Each structure stands twice: as structure tokens, then as C-alpha cells.
1. If you take the residues of region 102-133 that are more than 24 Å from ILE200 (Cα to Cα), free of Cβ contacts under 8 Å to residues at least 60 places away in the same chain and hydrophobic (A, V, I, L, M, F, W, C), which of them is surrounded by the fewest Cβ atoms within 10 Å (Cβ to Cβ)?
2. Condition test on ARG44, is it assigned by TED's automatic domain parsing to the domain that holds THR222 and either in contact with a strand residue (DSSP E or B) (Cβ under 6 Å, 6 or more places away or on another chain) or under 30 Å from TYR210 (Cα atoms) (or both)?
3. Of the conditions (1) under 17 Å from the mean Cα position of the chain (by Cα); (2) more than 23 Å from TRP165 (Cβ to Cβ), MET199 clears all except one; give me its number.
Amino acid sequence: MMGLKYSSFAIRGIDTSQFNGTIDWVKLTSVTHNFCIHRGGYGRVTDSQFKRNWAESKGKVNRSIYWYMDYYSNHIKGWGVDNVSDRDWGRMQADACFAAQRHDPSVYVWLDIENGNPAYAPVLSSVATRAKTIAKAFLERMDELNKKKNGIYCSIGLLSWFDTWFKDRPLWVAWYNESQTVVSVRKAVTATGWIGKCMIWQYASHGEIYGDGVAQGLNLGTKIKQLDLNVFMGTAADYEYLFGAPVVVVVTPEDEKPVEEPEDETPIDVTGEFLEYVINTKELNVRALPTTNSRIVGSYFSGWPVNVEKSVDLGIGSKTGWKRLYGQQGYLAMDFLKKV
């Protein structure tokens, strides 16, 4: 089964962090990326590659920033902020984010909300009140600083976690399911009660831009095979608001015509998604079928939380069976999953 082809979307982009290593931006932009969202950092720590990435990508691609929300450090004794209130901790993280981008103070910011490393971070659902307090404080403070209504990045399965206060914000949603379309993603997001615009869909993290099963991250000048692939879903005015520049759609001879979206398409039901496992090995490949010989459709790294189906597919090549990803394509060998 072939995956989505990156060039079938008219407006697309990537996101980068220190995990991509030192990037060759000439190579990376040899494939048309309209935008790039750089990780600014996490907690109060600036991403080690942010300053370089921000400078070297200037003029080559439209840019914004995402910041990973630390919702645990102020509750861990000896971590230096353990006496800081949740509200103040959220504001401190916003201040750190703004300081990292002070040379471009009007840059749009996405707050990355997802489960942290289970070695020290509790599952978000178990500390919802404090995590939401931190998130709200971050967003309120960031709005004050850059004079924008900043957005949220999260998985589609987390949308029901949010209170009403958050749901009118712009959304960048991760849903690694290549049987979906822009229309069905919008419908699935709306079905959760989200009333803000779903601006960006992150449809894959495998880096297979040609839909042929071959990850292109190394070939395109980064230090890992994987590359996050995103589709812009808003209007031209939305794009300029997010990236500070008008969108320019560049069509190359090998690009395909943008996909025509059927208006009556029904999305996969994503209600009832639950967190049960984390990756318990350095890197675990996601397979198209429950067998070690099937096509690799993605990868997860150590400590990454995954949502899986309750049913187990025995498959081939795993001592303890396979788990199918919930609402997404692919299977994970249970040998390398740890129950939360």
C-alpha cells in the first residue's frame, strides 16, 4: 500500500528540532516546503539547534515556532522550580520562549501539549488540572507578549482533554492516518467540539515524501531518516497571520494536482482513544502489517507514548504479538512496548 504523496498538497511544510541535527537548508528546501515550524525549546530550555535553524532558514521558507510544554518539573523535588506555582510556571515558560525569539518578537507560537517521558512525567490525564493551568498561563502570557492568539499542537486523540477555554484557538493537529483527507480531518476535529480553525494537519513523521516507503530525511540534509510532514488547511489570510508572509504556491513539473476533496466524506471515529503503552526500545518501527517483513510506515523513539487498540493481532516475527495503533495506520511489536 502506497502512502500519501507530499506534493499532492498545494501548501505543505515540515517541523524541525535538535533531533534533526545540523540541517543543510539548501538540500532541505530543494523539495518545496512552503513553511517550517521550528522547535524553540521546552520548559525554560532553548532547543540547541533553534538559533542556528532560525538564522539559516531565513529567506528560504516561512517560519513559526513551537514550544514543548513542561507540566512536571515544578512538581519534582530538586529540579529547581519545585516551589513554583503552576500558573507562574506556565508564564515562566512563555517568557523563555519569547526570549528565544526576541529578535523576531511577532513570531507566531504553537504550544506543544503531549505526554512527557514516563520515566519522570505522569500521564497528562492523571494531572489534568495542573497541566491545564500551566497551558492556560503560557498561552495568556504569550498572547500578551507577541500580540497574537497563539495556537495548540496536539494529537487528535487529546482534543477531548481540553476545556472550553482552549477550544477556540488555532489548532495544529497530529493524526498519522494516511487514509484521511483534509476534509475528514476537519470533520473529526469539529466532532470533538473544537471551534477554532484547524490550520495544520501533521499527517506523518516517517519522511516518505514520495509515498513510496522510503524515508528522505537523510537525503534532504538532516541527520535522521524521519521528517515530520504537514499540510496547511487554512486560508491565505490565515497563512499570513501565522507566518508573517503571504503564501506562495510553487508548482514543479513533478508535482501532482492538489487533491480534490469530497464534501461528504465521513472521518474515522476517534472517540474513546486511550493511552496504554510507551516505547521501550531506542527506536521502534511501525509496520503496515503485523509482521516484521511488511513495509515500514513510521517510527517511534524511546519513551514515546502510543495509543493502541485493545485487540491484539498475533502476526509474525514477534514473541508476544502486535498492537494496532488506534485511529492510525500500522502495527507495533509488543516485545518493545511497556504498559503504563
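The values are calculated or read from the model by the stated rules, or taken from the named source; none is laboratory data. Not measured: the values here are computed from a predicted model. So basically every Cβ, Gly included, is an ideal-geometry build from the backbone, and we count neighbours across all protein chains shown.
1. Filtering first and then ranking leaves ALA128.
2. No.
3. (2)
This table checks each residue for (1) assigned by TED's automatic domain parsing to the domain that holds ALA131; (2) part of a helix (DSSP H, G or I); (3) at pLDDT below 95.
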residue: ASP168; (1), (2), (3): yes, no, no
residue: TYR176; (1), (2), (3): yes, no, yes
residue: GLN180; (1), (2), (3): yes, no, yes
residue: VAL183; (1), (2), (3): yes, yes, yes
residue: THR190; (1), (2), (3): yes, yes, no
residue: MET199; (1), (2), (3): yes, no, no
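Table: residues versus (1) small (Gly, Ala, Ser); (2) within 30 Å of ASN280 (Cα to Cα).
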{"position": "ALA96", "(1), (2)": "yes, no"}
{"position": "PRO105", "(1), (2)": "no, no"}
{"position": "LEU111", "(1), (2)": "no, yes"}
{"position": "PRO122", "(1), (2)": "no, yes"}
{"position": "LEU139", "(1), (2)": "no, no"}
{"position": "TYR153", "(1), (2)": "no, yes"}
{"position": "ASP168", "(1), (2)": "no, no"}
{"position": "ASN177", "(1), (2)": "no, yes"}
{"position": "GLN180", "(1), (2)": "no, yes"}
